[in-house]
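See structure below.
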């Protein structure tokens, strides 16, 4: 599994887990280079809608997910909200492949998105991961005034920089799911934004499809189903489909995310969640899982 899932919304089954080492066609020069023109990809017609308040999540919230690839469990992912610090709200994602999937690809890594506490737009995104003994580090700076995305990376023994410009909204794969939890959900709501993932910038277009009942081992939920497509701006022929379910309650829990990658479908499913002062809720065995 390479970069595609991270470029998927989520984002959830996102970040380091789905990001593979650079493929031959993705070799970057060591000097900084600007992203190619994006004329082939349509601009977003409007910015994202005003977010709802108060926040559906809080410092100390922990979310745990099972990651599945091609129908087999491949690893675990956790998402944690930290306390605001120096005017930003850090959210962290940690991912590790299990023993079974490590025979194919051994992955362990974490990513942190530093979000504005009210707008949930990122100012910085950092990532540190090891895949099959190859270390990858990324430090991304988002400029709100000039809509810039500056990517400094180290991959094995190589380092380099990419310079991008986003259209109306620029997000990262780790923080995007938290912003989605604050959307004013309604059927037919259109979505369009640019999202950073795997040293590339992608344009995500989608829609809130409908409200439906979701049955998971962790519980029964009424949820909003969001569907979208991520298009790589420098290579529009590379596209990935994304499906996300978010609970329709005060918690706005990210229940399931499904992304298509080069090896097929990859899914992240919520298995546990907790908040300060609350007992951790975990999945129960023998319960039906979401079907699609």
| Filter pass, residue 97 being more than 23 Å from residue 178 (Cβ to Cβ), touching a helix residue (DSSP H, G or I) at 6+ places or on another chain (Cβ under 9 Å) and crowded, with 18+ Cβ neighbours inside 10 Å | yes
| Matching residues in segment 264-283 - criterion: being surrounded by 15 or more Cβ atoms within 10 Å (Cβ to Cβ) and either at pLDDT below 80 or in contact with a strand residue (DSSP E or B) (Cβ under 7 Å, 6 or more places away or on another chain) (or both) | 265, 266, 267, 268, 269, 270, 271, 272, 273, 274, 281, 283
| query | Residues of segment 196-211 being touching a strand residue (DSSP E or B) at 6+ places or on another chain (Cβ under 6 Å) and in contact (Cβ under 8 Å) with a residue 24 or more places away in the chain, which ones? | reply | 196, 199, 200, 201, 202, 203, 204, 205, 206, 208, 211
| request: Report whether or not residue 169 is within 30 Å of residue 130 (Cα to Cα), surrounded by 22 or more Cβ atoms within 10 Å (Cβ to Cβ) and modelled with pLDDT of 95 or more. | output: no
| note | Being in a loop (DSSP other than H, G, I, E, B) and surrounded by 20 or more Cβ atoms within 10 Å (Cβ to Cβ) narrows 120, 89 down to just 120
| field | Qualifying residue in segment 187-195 (condition: without any contact (Cβ under 8 Å) to a residue 12 or more places away in the chain, surrounded by fewer than 20 Cβ atoms within 10 Å (Cβ to Cβ) and out of contact with any helix residue (DSSP H, G or I) (no Cβ under 9 Å at 6 or more places or on another chain)) | value | no
| Has segment 168-181 got at least one residue that is over 25 Å from residue 236 (Cβ atoms) and outside any strand (DSSP E or B)? | yes
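The values are calculated or read from the model by the stated rules, or taken from the named source; none is laboratory data. Predicted model only: the values in this text are computed from it and were never measured. Glycine gets a Cβ as well: all are built from the backbone with ideal geometry, and neighbour counts include every protein chain shown.
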